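S.K.: Just passing along the structure, written as structure tokens.
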Amino acid sequence: MADDIATMLPLAEPDAEATARRTQSHYGLRRRTLERMRSKTTDMDVAPMRIDPRLYTDPVYFERERKTLFRETPILAALSMDIPEPGNMMVFDALGPSILITRDKEGKVNAFLNMCMHRAAKLVTECSKRTRMTCRFHAWTYDLQGKLIGLPGKEGFEGIDKANLGLIPIPVAEWKGMIFVRGTPNGAPIDVADHLGDFGDELAALELHKARPMAASRLECEANWKYAYDTYGESYHFASLHPTTIGALAFSNIMVYDKFDNGHCRLGFPREEFMDYADQNEAEWPHTDYGGLYMLFPNVSINVNSMKGGGQFYGISRVFPGETVDRSFSLLNTYQPAHTSRADEGERWKEIHDFIEHVVSTEDYSVSADGQANLNWAPDGFCTTLWRNEIALQHFHRRLAGLMEHNW
Ligand code: FES
Ligand SMILES: [Fe+2]
């Protein structure tokens, strides 16, 4: 779908107020990053934190996480521009149940179990734009709001109450360009403002509702979802694990950290080019497209970053539990923000997408798989350690522990 939309949709105009808010926020991040670069220091936590390997290996704990974090917590399913127009729909099955998300005639987003109410066939298997969905098994037909509007045959259907045979709703909420679902059929509504807390203002300034989808892919990882997700939240490994890729673009072990409510945070990593004007007054700094890494609890990172040759991209990675405790997969999506280059340069966003996918799969997820295998053989009492410089990971694991209430 991304290809079609990228060529189909014009870029929207950025909003002046959001632009001002975003610029101010990103200048602040760069100011603090440069201070850290000059002093060769990093934001740190107060003490190291020990991590029990069972968090990554225990199947019982894993099932509890799948329920508490991936079926009860609001999860980012898409950006608005992934289904921009009435009749657009998508299937989101990363949480386990196949979830059908539609945009109805009024422009409102709906979500349902992707399950026909007759005999539970998968209702939508291909996401073309349409005004109704017809089950391929016996052709029961539903509108975009999930209402049963037609079924073939009269005989044998005496007394059928179509009003009670609508698709089963999944809680969904669209907020400033983000579509959240809660993977529980008939579950409680989602309060996005409550979930985001003070992180909401920062995310709103990104104008995600205008971001155009440019590329999407799925990556498998032979490691627990947290082992994979943990690789996003620190820069300590840049020089050693990514010497010719990320490590050539950003400094290792220097990081700026902003803590927000409910386990969300934002990180600033020093880009090499910041050094070119490290000694200049702020008024003389050139424009940068770098805006940091926005980490949305429990499983999302949004990389607001610059591309070679100029222009900005939003690189969204979402990490999900796989079939077993030691497997995960990630959905990688690259978007073009409304406020970046106007030219028809779709290839450049695809290039950066491929670059990130390559680095993540061959470097980050390769080391994750090795580490995961080792954890299975770790002796009783062994713990990994997050040191003081791994402050964002400590923040994540503290929030996780608070929600999961395990007592190891
Ligand atoms: S299962 Fe869908 S119409 Fe029969
Ligand atoms: Fe990495």
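The values are calculated or read from the model by the stated rules, or taken from the named source; none is laboratory data. This one's a predicted model, so the numbers in the text were calculated from it and none came from an experiment. Counting neighbours? That spans all protein chains shown, and the Cβs are built from the backbone with ideal geometry, glycine included. These area figures cover heavy atoms from the full protein model, side chains too; ligands, DNA and RNA do not enter into them. Shrake-Rupley method; radii C 1.70, N 1.55, O 1.52, S 1.80 Å.
S.K.: What strands (runs of 3 or more DSSP E), lying completely within region 207-274, carry at least 2 residues that are more than 21 Å from Met178 (Cβ to Cβ) and more than 17 Å from the chain's Cα centre (by Cα)?
M.R.: 256-259
S.K.: While we're here: Of the residues that sit in region 361-378 and are open to solvent by 20 Å² or more (accessible area, probe 1.4 Å) and among the acidic types (Asp, Glu), which one is farthest from ligand 2 (Cβ to nearest atom)?
M.R.: Among those that are open to solvent by 20 Å² or more (accessible area, probe 1.4 Å) and among the acidic types (Asp, Glu), it is Asp370.
S.K.: Which of the residues that make up region 340-351 are surrounded by fewer than 21 Cβ atoms within 10 Å (Cβ to Cβ) and either of a type in the set (A, V, I, L, M, F, W, C) or on the phi > 0 side of the Ramachandran plot (or both)?
M.R.: Ala343
S.K.: Still on this model: Can you tell me how many residues in region 51-68 are of a type in the set (A, V, I, L, M) and buried (at least 17 other Cβ atoms within 10 Å of the Cβ)?
M.R.: 2
S.K.: For Glu234, state whether it is open to solvent by 10 Å² or more (accessible area, probe 1.4 Å) and at pLDDT 95 or above.
M.R.: Taking the combined requirement at face value, the residue satisfies it.
S.K.: Now for a separate question. Among the numbered conditions (1) away from ligand 1 (no atom under 16 Å from the Cβ); (2) assigned to a loop (DSSP other than H, G, I, E, B), tell me where Ala77 comes up short.
M.R.: Unmet condition: (2).
S.K.: Give me a count of the residues in region 256-279 that are closer than 14 Å to Phe396 by Cβ and touching a Phe, Trp or Tyr at 6+ places or on another chain (Cβ under 8 Å).
M.R.: Summing the residues that are closer than 14 Å to Phe396 by Cβ and touching a Phe, Trp or Tyr at 6+ places or on another chain (Cβ under 8 Å) in region 256-279 gives 8.
S.K.: In region 312-339, what residues are open to solvent by less than 10 Å² (accessible area, probe 1.4 Å) and more than 18 Å from the chain's Cα centre (by Cα)?
M.R.: Within region 312-339, just Ala338 meets the criteria.
S.K.: Hey, another quick one. Restricting attention to region 174-195, which residues are in contact (Cβ under 8 Å) with a residue 40 or more places away in the chain and touching a Lys or Arg at 6+ places or on another chain (Cβ under 9 Å)?
M.R.: Glu174, Gly177, Arg182, Gly183, Thr184, Gly187, Ile190, Val192 - these are the residues of region 174-195 that are in contact (Cβ under 8 Å) with a residue 40 or more places away in the chain and touching a Lys or Arg at 6+ places or on another chain (Cβ under 9 Å).
S.K.: Okay, moving on. How many residues does region 127-164 hold that are under 28 Å from Arg71 (Cβ atoms) and touching a His at 6+ places or on another chain (Cβ under 8 Å)?
M.R.: 3
S.K.: Further, regarding this structure: Within region 310-337, which residues are touching a strand residue (DSSP E or B) at 6+ places or on another chain (Cβ under 8 Å) and among the aliphatic types (A, V, I, L, M)?
M.R.: Matches in region 310-337: Ile316, Val319, Leu331, Leu332.
S.K.: May I pose another question? May I ask you to verify whether Ala369 is modelled with pLDDT of 95 or more and of a type outside the set (S, T, N, Q)?
M.R.: In short, yes.
S.K.: Does any residue of region 342-352 turn out to be within 16 Å of ligand 2 (Cβ to nearest atom) and part of a helix (DSSP H, G or I)?
M.R.: For region 342-352, residues within 16 Å of ligand 2 (Cβ to nearest atom) and part of a helix (DSSP H, G or I): present.
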